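Encoded as structure tokens, the structure appears first; notes follow it.
The values are calculated or read from the model by the stated rules, or taken from the named source; none is laboratory data. Keep in mind the model is a prediction, meaning the values are calculated, not measured. Every residue, glycine as well, gets a Cβ built from its backbone with ideal geometry; the counts of neighbours run over all protein chains shown.
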Amino acid sequence: MLTEMHVENFALMENVRLNLHPGLTVFTGETGTGKSMLIDALGVLLGGRASTDFIRHGLEKARIEGVFEDLPSNVIAKLDEVGYPVEDGQLFLYREINANGKNACRVQGRTVPLSLYRSLCQGLVDIHGQMEHQSLFQPETHRGLLDDFGGGEHLQLLKYVNEQAHDYRALLTQEKELLLSERDREKREEMLRYQIKEIMAVNPQDSEEEELLAEKKRLANREKILNLTTELYANLYQSEQERSIYDLLGGSRKLVQDLVRFDDQFQDMLEPFEAVYYAIEDLVERVRSYQESLEFEPGRLDQIEERLIQLQRLRKYGHTVEEVLASKEEMIEELQRITHLQEELEKLQEKKAIVFAQYTTGAKKLTEQRTQVAKEMEMGLHEELSSLGLEKSHFEVHFTPVKEPRSGGAEEVEFYFTANPGEPPKPLAKVASGGEMSRLMLALKSLLAKIESVGTFVFDEVDSGVGGRTIQKVGEKLAKVGQNKQVFCITHSAPVAAFAEEHFGIVKEINGERTRTLVNRLNESERIEELARMLGGTDEISYQHAEQLWRAQQS
């Protein structure tokens, strides 16, 4: 349950600190004082959308902090699993909204991503607002409510059925892709065979194109290469007009060797001379070897040109020979898949039949369980609605079979209701009034509270559209739920507020040119005054009525 909440610079709430307790707590105040702000702030604390519009005008950030105790076991297990263990039985949550968009989420004082933060907040609080009230008119929400009422084992079976349905739908998609028309398969197979044959006919080799281009360049410049290498060789080793570099270095080397005999200082010069001499000797050998390897085969240049043209034609399969070869391998793999399509299709259909059987078995069991859960819900709601002044009402759960496997099982679920004896139950949207819907939602929540692990329930104007003696029943029901759960209720009804164990008054205060919302815990006399205001005024008659109402509910 939520034991502490601190809201700072959130809309009109400048600095609100609340210490909260188990049981029924109500929040009341004039329209427009900011009661819904508390729900918004709690929603943000639990991972809801943190809009910059929530930041108090003129300020840079807003923050909401909350402390939870007596946590559900599934929440504790999840916190332990992700490394945020509960310390001293408390969970600390923190949300900060910044005007620059850099918002912060913290769990146990440590910053966490919003997605993880939201998942850790699940199961802490159940907020029922007007939007959820309206959701009862939408049949697609009914199956979820029924399954929630079914509890843990039922939800595990639902999860299994959903997994089988997902796998089945995936196999159906694969089957449709495989079941192309025979003509389309044949055309694709023919095209692949032609393309593979074309590449294999040319038979390109890795790095072949680069080597051919290099050879083409040599052949195209063979005259220049011969002239240049001949001149280079002559300069290095064999010149007819003057001594070559090799001869000059050899003579110089001999002179240094002679000088060494007369002066040791020349020993340091001898080594570099010898290094250069042997290097030139190596260069001479390499130039000679290159000249001897030069063979200019007649017609070779034409052969290279033709080969390059063949390789160029394959560019439609890739920009390089490597890419062309990779495309060929992909084509071969696709051709093998098409060739073995029937075999693959048969295997897939066998697998689909197995998954279908698993889904059918699970869905049948789920339907049987849902039928039993529906009966229990109908009986439980009859009792809950009777306690809310709808003794003659009738609630039914209707199933509509669904043929194809899909998430959710083999049936649609819709709630039918009638509040009038003699009238057959009809879909909620067609028969329930606003007040009846409020009581039906409260009855559902009261019923679910008996099995849900959530420790805190929030009702935002659940008494909307309810009046007369029935409002007394609503107050009693909220107080009854509050015996086992922490219940927060925003209400405009004095009879409901009188049942609360704690009562907070919400008011606006104008100080200079700024307005702020204050949330104050009311003592006994203040509660009676607030009840009098809610009953219509602050005159003596209203005050007496409020005091009687207060005394009656506290007795």
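Scanning the range 348-379 for residues that are surrounded by fewer than 19 Cβ atoms within 10 Å (Cβ to Cβ) and of a type in the set (G, A, S), which turns out farthest from L442 (Cα to Cα)?
For the range 348-379, the residue satisfying everything is A353.
If we keep just the residues of the range 461-498 that are part of a loop (DSSP other than H, G, I, E, B) and over 16 Å from S438 (Cα atoms), which is nearest to the chain's Cα centre (by Cα)? Full working, then the answer.
Narrowing the range 461-498 to residues part of a loop (DSSP other than H, G, I, E, B): 461-469, 482-485, 491-493.
Cutting the leftovers down to over 16 Å from S438 (Cα atoms) gives us 482-485.
Details: G482: 35, Q483: 37, N484: 34, K485: 31 Å.
Filtering first and then ranking leaves K485.
Filter the range 424-449 down to residues that are among the basic types (K, R) and touching a residue at least 40 places away in the same chain (Cβ under 8 Å) and give me whichever is surrounded by the most Cβ atoms within 10 Å (Cβ to Cβ). Break it down into steps so the answer makes sense when it comes.
In the first step, residues of the range 424-449 are kept if they are among the basic types (K, R); the result is 426, 430, 439, 445.
Still in the list and also touching a residue at least 40 places away in the same chain (Cβ under 8 Å): 439, 445.
On the way: R439: 28, K445: 23.
So, considering only residues that are among the basic types (K, R) and touching a residue at least 40 places away in the same chain (Cβ under 8 Å), the one surrounded by the most Cβ atoms within 10 Å (Cβ to Cβ) is R439.
Within the range 497-520, take every residue that is among the charged types (D, E, K, R) and either surrounded by 18 or more Cβ atoms within 10 Å (Cβ to Cβ) or not assigned by TED's automatic domain parsing to the domain that holds E14 (or both) and give me the one that is farthest from V487 (Cα to Cα).
Taking the range 497-520 and keeping what is among the charged types (D, E, K, R), we get 501-502, 508-509, 513-514, 516.
Right, trim to either surrounded by 18 or more Cβ atoms within 10 Å (Cβ to Cβ) or not assigned by TED's automatic domain parsing to the domain that holds E14 (or both) and you get 502, 516.
Values: E502: 10, R516: 26 Å.
Applying the filter and picking the extreme gives R516.
Do you know which residues across the range 313-327 are surrounded by 14 or more Cβ atoms within 10 Å (Cβ to Cβ) and either among the hydroxyl-bearing types (S, T, Y) or in contact with a Gly (Cβ under 9 Å, 6 or more places away or on another chain) (or both)?
Y317, T320, V324, L325, S327 - these are the residues of the range 313-327 that are surrounded by 14 or more Cβ atoms within 10 Å (Cβ to Cβ) and either among the hydroxyl-bearing types (S, T, Y) or in contact with a Gly (Cβ under 9 Å, 6 or more places away or on another chain) (or both).
Go through the range 505-555 and give me each residue that's over 12 Å from T28 (Cα atoms), touching a strand residue (DSSP E or B) at 6+ places or on another chain (Cβ under 7 Å) and of a type in the set (S, T, N, Q).
T515, T517
Sort through L381, L428 and tell me the only one that's within 30 Å of I471 (Cα to Cα), modelled with pLDDT under 85, among the hydrophobic types (A, V, I, L, M, F, W, C) and out of contact with any Lys or Arg (no Cβ under 9 Å at 6 or more places or on another chain).
L428
Could you please let me know if Y160 is at pLDDT 90 or above, touching a Pro at 6+ places or on another chain (Cβ under 7 Å) and within 30 Å of G408 (Cα to Cα)?
No; evaluated as a whole, the condition is false for this residue.
Any idea which residue in the range 506-531 is farthest from H57 (Cα to Cα), counting only those that are touching a helix residue (DSSP H, G or I) at 6+ places or on another chain (Cβ under 9 Å) and in contact (Cβ under 8 Å) with a residue 24 or more places away in the chain?
Restricting to residues being touching a helix residue (DSSP H, G or I) at 6+ places or on another chain (Cβ under 9 Å) and in contact (Cβ under 8 Å) with a residue 24 or more places away in the chain, the top hit is E524.
If I ask for residues that are part of a helix (DSSP H, G or I) and within 39 Å of the chain's Cα centre (by Cα), which ones from the range 289-321 would you list?
Y317
Would you check if there is a residue in the range 116-131 being in a helix (DSSP H, G or I), of a type outside the set (F, W, Y) and at pLDDT below 85?
Yes: one or more hits.
With the structure loaded, tell me whether L249 is closer than 30 Å to Q174 by Cα, part of a helix (DSSP H, G or I), touching a residue at least 12 places away in the same chain (Cβ under 8 Å) and among the aliphatic types (A, V, I, L, M) or whether it fails that test.
Details: closer than 30 Å to Q174 by Cα: no; part of a helix (DSSP H, G or I): yes; touching a residue at least 12 places away in the same chain (Cβ under 8 Å): yes; among the aliphatic types (A, V, I, L, M): yes.
No.
Being at pLDDT below 85 and at negative phi: is that true of S493 here?
Working: at pLDDT below 85: no; at negative phi: yes.
Here the answer is no, as S493 does not meet what is asked.
Within the range 84-106, how many residues are over 14 Å from L116 (Cα atoms) and touching a Leu at 6+ places or on another chain (Cβ under 7 Å)? If you could, list the steps in order and put the result at the bottom.
Just the residues of the range 84-106 that are over 14 Å from L116 (Cα atoms), to begin with: 85-92, 96-103.
Subset that is touching a Leu at 6+ places or on another chain (Cβ under 7 Å): 85-86, 91.
Summing the residues that are over 14 Å from L116 (Cα atoms) and touching a Leu at 6+ places or on another chain (Cβ under 7 Å) in the range 84-106 gives 3.
For the range 333-357, give me each residue that is in contact (Cβ under 8 Å) with a residue 24 or more places away in the chain and farther than 20 Å from E412 by Cα.
Matches in the range 333-357: E334, L335, I338, T339, L341, E344, L345, L348, Q349, K351, K352, V355.
Which ones in the range 195-221 are in a helix (DSSP H, G or I), under 48 Å from the mean Cα position of the chain (by Cα) and surrounded by 12 or more Cβ atoms within 10 Å (Cβ to Cβ)? It would help to see each step written out before you state the result.
Of the residues in the range 195-221, the ones in a helix (DSSP H, G or I) are 195-202, 208-220.
Subsequent filtering for residues that are under 48 Å from the mean Cα position of the chain (by Cα) retains 195-200.
Passing the criteria: Q195, I196, E198, I199.
Tell me, yes or no, whether the range 51-61 has at least one residue that is in contact with a strand residue (DSSP E or B) (Cβ under 6 Å, 6 or more places away or on another chain), surrounded by 14 or more Cβ atoms within 10 Å (Cβ to Cβ), not acidic (D, E) and not in a strand (DSSP E or B).
Checked against the condition, which is being in contact with a strand residue (DSSP E or B) (Cβ under 6 Å, 6 or more places away or on another chain), surrounded by 14 or more Cβ atoms within 10 Å (Cβ to Cβ), not acidic (D, E) and not in a strand (DSSP E or B), the range 51-61 yields at least one hit.
Being within 16 Å of L448 (Cβ to Cβ) and under 36 Å from the mean Cα position of the chain (by Cα) is the filter here, so list the residues in the range 382-404 that pass it.
V397
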